[in-house]
Amino acid sequence: MIFIIGGAYQGKLTYAQQHFAEEYVIMNQYQLVVKEALKKGLNPLEEAKRLLEQQDKLVIISDEMGCGIVPTDIFERQYREASGRVNCYLAGQAEQVIRVICGIGSRIA
């Protein structure tokens, strides 16, 4: 699995399509999968583990959410925390971790 992280609208999907589309299935905006799991009362970390068991040739793209203002809404804070924890897990499981800023990818792990 390849994990691509970066801020919103930084060109993560375009980067993934240019570099990995032929070999990998691309999952964009994984942070929204985390949000939906929370809304359904599921554990987003367990859902991520299940996904990796089912699919190995995968590029997972997620927005980096920890650099902004902390939300006042309790669900939004829980979502932000869960997203960060899942991103940490995915980064630890990935063959490569790539951070994309302004469309430029840098391998960080």
Among Ala109, Gln78, Leu13, whose Cα lies farthest out toward the positive end of the dipole of the chain, if unit charges sit on the beta carbon of Lys, Arg (+1) and Asp, Glu (-1)?
Gln78
Where does the stretch 3-45 land on Rg/Rh, using Cα atoms and the Kirkwood Rh?
1.06
Measure nothing fancy, just the Cα-based angle from helix 74-93's long axis to the longest principal axis of the chain, in degrees from 0 to 90, nearest 10.
30 degrees
Kirkwood Rh over alpha-carbon pairs of the stretch 56-109 plugged into Stokes-Einstein at 10 °C, 1.306 mPa s gives a D in µm²/s of 126 µm²/s
Taking amide H positions as placed 1.01 Å from N in the peptide plane, with prolines and chain starts having none, which residues 5 or more places from Ile101, or on another chain, fall under 5 Å of its amide H?
Ser106
Please report the accessible area of Arg50 (heavy atoms, 1.4 Å probe, ligands and nucleic acids excluded) in Å², nearest 10.
110 Å²
Bin by bin, in steps of 10 Å, what percent of the Cα pairs in the chain do you find, going until the bin that has the longest distance?
15, 49, 31, 5, 0
Average accessible surface area per residue within the chain, 1.4 Å rolling probe, Å²
60 Å²
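At a 1.4 Å probe radius, carbon and sulfur cover how many percent of the accessible area of the stretch 15-109?
Numbers: 2960 of 5950 Å².
Looking at the stretch 15-109 in its full context, I get 50 percent from C and S.
The values are calculated or read from the model by the stated rules, or taken from the named source; none is laboratory data. Note that this is a predicted model, so its numbers are computed, not measured. Positions of Cβ are backbone-derived with ideal geometry, glycine not excepted, and every protein chain shown enters the neighbour counts. The protein model used for the area step is the full one, side chains on, heavy atoms only, and it has no ligands, DNA or RNA in it. Shrake-Rupley method; radii C 1.70, N 1.55, O 1.52, S 1.80 Å.
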